[in-house]
1. I'm trying to understand the selection: among the residues of region 72-89, which are touching a residue at least 40 places away in the same chain (Cβ under 8 Å) and open to solvent by 20 Å² or more (accessible area, probe 1.4 Å)?
2. Could you check region 182-208 and list, in sequence order, the residues that are of a type outside the set (D, E, K, R) and open to solvent by less than 30 Å² (accessible area, probe 1.4 Å)?
3. Got a number for residues in region 189-209 being closer than 11 Å to residue 51 by Cα and in contact with a Leu (Cβ under 9 Å, 6 or more places away or on another chain)?
4. Sort through 49, 92, 63 and tell me the only one that's within 20 Å of residue 166 (Cβ to Cβ) and touching a residue at least 60 places away in the same chain (Cβ under 8 Å).
5. Scan region 268-281 residue by residue and report those that are in contact with a Lys or Arg (Cβ under 8 Å, 6 or more places away or on another chain) and not in a strand (DSSP E or B).
6. Considering every residue within region 54-71, establish whether at least one is open to solvent by less than 70 Å² (accessible area, probe 1.4 Å), β-branched (Val, Ile, Thr) and within 19 Å of the chain's Cα centre (by Cα).
7. Tell me the residue from 87, 122, 154 that is touching a Ser or Thr at 6+ places or on another chain (Cβ under 6 Å) and farther than 30 Å from residue 25 by Cα, please.
Amino acid sequence: MPDLELDIHLTDADLAAALRSDARTGLTATPKHLPPKYFYDARGSELFEEITRLHEYYPTRAEREILAERAGAIARRTGAKTLIELGSGSSEKTRLLLDALREHGTLASFTPLDVSAAALRGALSDLRREYPDLHLQGIVADFVHSLDVLPEAGTRLVAFLGGTIGNFTPAERAPFLAALRARLSPGEFLLLGADLVKSPAVLIPAYDDESGVTAEFNRNVLHVLNRELGAHFDPALFAHVARWDAANEWIEMRLRALVPMTVRIDALDLTVSFAEGEELRTEVSAKFRREGLTAELAAAGFAVRDWWTDAAGRFALTLATAV
C-alpha cells in the first residue's frame with residue numbers, strides 16, 4: 001500500500017501568532033472586522049457541517065449536484081495525474097472527483113491542503129482505506145500564503161471548491177489567483193467552485209436560517225477569542241446579522257453589539273469598546289456572474305474551458321487552464 005504523508009508547514013504556534021495579529025488588527029480597525037477562518041475550530045466545523053444540511057443552505061447541495069454530473073467530463077478533459085485540493089476539510093465532495101479520475105485511469109496522487117492537522121489526519125485515514133492505491137500527501141498550510149508548497153509531480157488539477165473564493169474581496173482575489181497561476185505550468189488545470197448572484201430572497205436565508213444555526217456559527221468566533229486569547233466577550237450580547245450588499249454583490253455576516261460594552265483581551269493586553277449597535281464584520285461571501293469571473297481568471301492567466309451550473313443555476317463550477 002502506498003505511503004501516507006503529512007507535511008507540516010503551519011504549526012500551532014504559527015496559528016496562534018496569526019490569530020493574535022489578526023485580532024489586534026481587526027478589533028482596533030474602523031469598522032471592526034475578523035477573518036472568517038477563525039470560525040472553524042472543532043465546534044465551528046461541526047456547526048458548519050450542520051449548516052450544509054439545512055434546507056436554506058443550497059451551495060453544498062448545488063455543488064455536489066454539478067460534481068456528480070460532471071466529474072467524468074472533468075477527468076476526461078484534464079487527465080490529471082495529481083489532484084490538489086485547497087482548504088480540503090473532510091474532502092467529502094472531492095471523492096466524486098477521485099472516483100472519476102481513478103476510473104479514467106490517470107490519477108496517481110491526491111494532495112489535500114488545510115490549516116488543520118487534525119482534520120487532515122482524519123480525512124487521510126479515511127481516504128487511505130477507500131483508495132489504497134493512491135499516494136496521499138496531506139499539507140498543513142494556509143493556502144493564501146503557502147502556494148509554493150504545492151507538489152509538482154504530474155499533470156495537476158487544483159480544486160478550490162465550496163465557494164470559498166467568495167471570502168476574498170476583489171483586491172484579495174487578484175493576487176491570490178495570480179499566485180496560483182504562477183505555481184502551475186501551462187496546460188494545467190484549476191477547478192473553481194463559485195456561488196452565483198441571485199435574489200436576496202434566496203441568498204439571505206442561506207446565511208440567516210430559521211433555526212439559528214448560522215447565528216450560533218457566527219458567534220462562535222467570539223468563543224474562539226475567549227478561549228485562545230483570554231478575551232471576555234459575552235456572545236449572547238451580540239446579534240447575528242446577514243446583509244446583502246447589492247453594490248459589491250456579496251453577503252456580509254456581522255455581529256451587532258446589543259448594548260454598549262468594553263471587552264478585555266488578556267493575551268493582547270488590549271481593551272476594545274463597542275457602541276450599542278456597532279457591528280463587527282466576520283465574513284464576506286461574494287457572489288459571481290459568469291462574465292466577471294471569466295475576466296478575473298483571464299487577468300490572472302487562466303482560460304475558462306468549461307462552465308457548469310446546477311439545474312437551478314445557483315452555483316457554478318469553472319474548469320480553467322493555465323495559459
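1. 77, 79, 81, 87, 89, listed by residue number.
2. Passing the criteria: 184, 189, 190, 191, 192, 193, 194, 196, 203, 206, 207.
3. 2
4. Every option except 63 fails the conditions.
5. Across region 268-281, the qualifying residues are 268, 277, 278.
6. yes
7. 154
Condition check ((1) farther than 30 Å from residue 249 by Cβ; (2) touching a His at 6+ places or on another chain (Cβ under 8 Å)) across all residues:
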position: 108; (1), (2): yes, yes
position: 113; (1), (2): no, no
position: 126; (1), (2): yes, no
position: 147; (1), (2): no, no
position: 157; (1), (2): no, no
position: 163; (1), (2): no, no
position: 166; (1), (2): no, no
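The values are calculated or read from the model by the stated rules, or taken from the named source; none is laboratory data. None of the values given here were measured: they were computed from a predicted structure. Note: ideal-geometry Cβ built from the backbone for every residue, glycine included; neighbour counts use all protein chains shown. Heads up: the accessible areas ignore ligands, DNA and RNA and are worked out on the full protein's heavy atoms, side chains in. Shrake-Rupley method; radii C 1.70, N 1.55, O 1.52, S 1.80 Å.
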